[in-house]
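**Student:** Mind looking over this structure? Questions follow.
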Amino acid sequence: MRKYDLTQGGIMRKLLLVAVPIMSTQLLQMSYNLTDMFWLGRLSSDAVAASGTAGMYLWLSMAFLLFGRMGSEIGVSQSMGKNDSAKAQKYAQNAICLAAVLGLGYGLLCIFGSDMLISFFGIREAHVARDAADYLSITGFGIPLAFVSYAITGTFNGSGNSRIPFLAHSVGFITNMALDPLFIFGLDMGVRGAAVATVIANIVCLSLMVLSLKKSKGRPFAEFRFFVKPCRDIMKQIFRWSFPISCESLLFTFLSMIITRIVFISPFGGADAQSVMRVGSQIESLSWLIGGGFGSAVTAFTGQNFGAGKWPRIHKGRQISVLVMSCWGVAVTLALYFFGRELTGIFLAEEHLRDMGATYLRILAFCQLPMCVEAVSAGILRGMGKTLPPSIISTGSNILRVPLAYALSLTALGLNGIWIGVTVGAVLRGAGMFVWCRIDAAKRPKNEASVNY
């Protein structure tokens, strides 16, 4: 396990050891999402809109999935930093149990309540609403599997070994990508085929994650039992860490759903605008998925060094991480601003949708750098167990963007006013997170004498 000890060795090397597999997993996730949209886009733009609308509830599920993932990631990393493997295992076991319960409950809601949930958006096109409800009810079967998979992922990430989750998720994503055209076109299942492919991929991924935790050479624990009696104190601590993050994610997604509803019901919106927003958000995920992946690595790095009391390494890790992700944020900004039309055209064939997508991505380009810095800053605070500050900042900025987007949409800006409101909210969120992290860092020891670069 010394290889995955993040409290020793070169900081950049250790960060990359954890970050590269996580970011690679995120890139694969993005590749799958883009492949999914590519095939559905060949079907119709309405199919993209339907899967994107149902996908809002899959995104909403992250609020509950994070209980298991963050509980295991923070608990395992801090316990490993203190060389307390037994307590690390307790955090992992309790987080996985919690993930299974929450995943089952949310999955059942999606399966049996899909029509009610989709009706929230007020979709004018009846066939789009029907396809969205079908997609949601089918993917609901895979939600409990995904919850447990990501709790196990958090366990590996917290121990410093993000390579195994990368391999397991890679197989799952590749399975999904291979099955998409088969089910969508080969079996003529359309949108429902994409959902079935997702569930099968979830089964494959969870099977590999369970096998890895029990048998792989790089597993964090020599012996691991999944079925244990929950520990009240451990569960309380997981809730203390995860509740602010969960509320932040829940509110962020819910407000995004309100914006989606505004797009659907507005005179300048509808299924076309939703399909552009779906494609644009996935292209934009070049920034926030990679940023989130690097942020998870920073959380594990900070958690282990926080547990070991090594503040100089935490400070240097923050400086390196901000620099690396700032460079990535600038690169994505340039790509979205100058090549938005070409990127949109890969997935949507209609000329007017390409033009709309180019405008959407050009506006969103301005918030990419702040989002990358936000991911690093939030990762540092969460690694120390400080999950409330990121949630406060995110909640405040996310609440602001809805009335801002709505007010701007009523002006001559129209649809572009919504995109501008979303961008301004993201810029404020990133700036606030960075400032709070710097203020916290100013209170910590800064003796660099023992830091290994």
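The values are calculated or read from the model by the stated rules, or taken from the named source; none is laboratory data. All values derive from a computational prediction rather than experimental measurement. Cβ sites come from the backbone with ideal geometry, for glycine too, and all protein chains shown count toward neighbours. Side chains included, ligands, DNA and RNA excluded: accessible areas come from the protein's heavy atoms. Shrake-Rupley method; radii C 1.70, N 1.55, O 1.52, S 1.80 Å.
**Student:** Could you tell me how many of the residues in the stretch 379-401 are closer than 17 Å to Trp311 by Cα and of a type in the set (Gly, Ala, Ser)? Steps first, please.
**Tutor:** Of the stretch 379-401, the ones closer than 17 Å to Trp311 by Cα are 379-386.
Right, trim to of a type in the set (Gly, Ala, Ser) and you get 379, 383, 385.
Residues that pass the stated criteria total 3.
**Student:** Any idea which of Thr395, Thr387 is modelled with pLDDT under 85 and under 21 Å from Ile22 (Cβ atoms)? Full working, then the answer.
**Tutor:** Working: Thr395 fails: under 21 Å from Ile22 (Cβ atoms).
So the residue among Thr395, Thr387 that is modelled with pLDDT under 85 and under 21 Å from Ile22 (Cβ atoms) is Thr387.
**Student:** Would you confirm whether or not the stretch 409-420 contains a residue that is closer than 20 Å to Phe254 by Cβ and open to solvent by 70 Å² or more (accessible area, probe 1.4 Å)?
**Tutor:** So the first thing to find is which residues in the stretch 409-420 are closer than 20 Å to Phe254 by Cβ, and the list is 409, 418-419.
Add one more test, that the residue is open to solvent by 70 Å² or more (accessible area, probe 1.4 Å), and what stays is none.
Taking every residue of the stretch 409-420 in turn, none turns out to be closer than 20 Å to Phe254 by Cβ and open to solvent by 70 Å² or more (accessible area, probe 1.4 Å).
**Student:** Give me the pairs, please: first residue somewhere in the stretch 144-165 and on the phi > 0 side of the Ramachandran plot, second residue anywhere and surrounded by 24 or more Cβ atoms within 10 Å (Cβ to Cβ) and not polar (S, T, N, Q), beta-carbon distance under 7 Å, and either six or more positions apart or on two chains.
**Tutor:** Pairs that qualify, where the first residue is on the phi > 0 side of the Ramachandran plot and the partner is surrounded by 24 or more Cβ atoms within 10 Å (Cβ to Cβ) and not polar (S, T, N, Q), are Gly160/Leu6; Gly160/Val18; Gly160/Ala300.
**Student:** So, one more: Do we find that Phe173 is open to solvent by 10 Å² or more (accessible area, probe 1.4 Å) and farther than 19 Å from Gly41 by Cβ in this structure? Give the derivation first.
**Tutor:** Details: open to solvent by 10 Å² or more (accessible area, probe 1.4 Å): yes; farther than 19 Å from Gly41 by Cβ: no.
No.
**Student:** Kindly evaluate Leu58 against the criterion of being under 19 Å from Ser149 (Cα atoms) and surrounded by fewer than 18 Cβ atoms within 10 Å (Cβ to Cβ). Write out each step before concluding.
**Tutor:** Values: under 19 Å from Ser149 (Cα atoms): yes; surrounded by fewer than 18 Cβ atoms within 10 Å (Cβ to Cβ): no.
When the stated conditions are applied, Leu58 does not pass them.
**Student:** Continuing with the same structure: Just give me the residues in the stretch 307-336 being within 30 Å of Asp84 (Cα to Cα) and in contact with a Gly (Cβ under 7 Å, 6 or more places away or on another chain), in sequence order.
**Tutor:** Gly307, Ala308
**Student:** Quick check on my filter: what residues within the stretch 129-163 are touching a Phe, Trp or Tyr at 6+ places or on another chain (Cβ under 9 Å) and more than 27 Å from Ile22 (Cβ to Cβ)?
**Tutor:** Ala129, Ala132, Leu136, Ser137
**Student:** Residue under question is Arg341, and the condition is that it be open to solvent by 30 Å² or more (accessible area, probe 1.4 Å), farther than 29 Å from Ser45 by Cα and assigned to a helix (DSSP H, G or I); does it hold? Outline the logic, then answer.
**Tutor:** Details: open to solvent by 30 Å² or more (accessible area, probe 1.4 Å): yes; farther than 29 Å from Ser45 by Cα: no; assigned to a helix (DSSP H, G or I): yes.
Against the criterion (open to solvent by 30 Å² or more (accessible area, probe 1.4 Å), farther than 29 Å from Ser45 by Cα and assigned to a helix (DSSP H, G or I)), Arg341 does not qualify.
**Student:** Can you confirm whether the stretch 94-110 contains a residue that is buried (at least 19 other Cβ atoms within 10 Å of the Cβ) and at pLDDT below 90?
**Tutor:** Initially, the stretch 94-110 is screened for residues buried (at least 19 other Cβ atoms within 10 Å of the Cβ), giving 94-99, 102-103, 106-107, 110.
In the following step, the residues that additionally are at pLDDT below 90 were identified as none.
Checking the stretch 94-110: not a single residue is buried (at least 19 other Cβ atoms within 10 Å of the Cβ) and at pLDDT below 90.
**Student:** If the Cβ limit is 7 Å and pairs must be 6+ apart or interchain, which residue in the stretch 302-315 that is in contact (Cβ under 8 Å) with a residue 24 or more places away in the chain and of a type in the set (Ser, Thr, Tyr) pairs with which residue that is open to solvent by less than 40 Å² (accessible area, probe 1.4 Å) and assigned to a loop (DSSP other than H, G, I, E, B)?
**Tutor:** Here the result reads Thr302/Met384, each pair linking the stretch 302-315 to a residue that is open to solvent by less than 40 Å² (accessible area, probe 1.4 Å) and assigned to a loop (DSSP other than H, G, I, E, B).
**Student:** Within the stretch 223-241, track down each residue that is under 14 Å from Gly71 (Cβ atoms) and open to solvent by less than 80 Å² (accessible area, probe 1.4 Å).
**Tutor:** Across the stretch 223-241, the qualifying residues are Pro230, Cys231, Ile234, Met235, Gln237, Ile238, Trp241.
**Student:** A further question on this structure: Give the residues of the stretch 191-222 that are more than 27 Å from Thr155 (Cβ to Cβ) and surrounded by fewer than 21 Cβ atoms within 10 Å (Cβ to Cβ), sorted by residue number.
**Tutor:** Listed by number, the list holds a single entry, Arg192.
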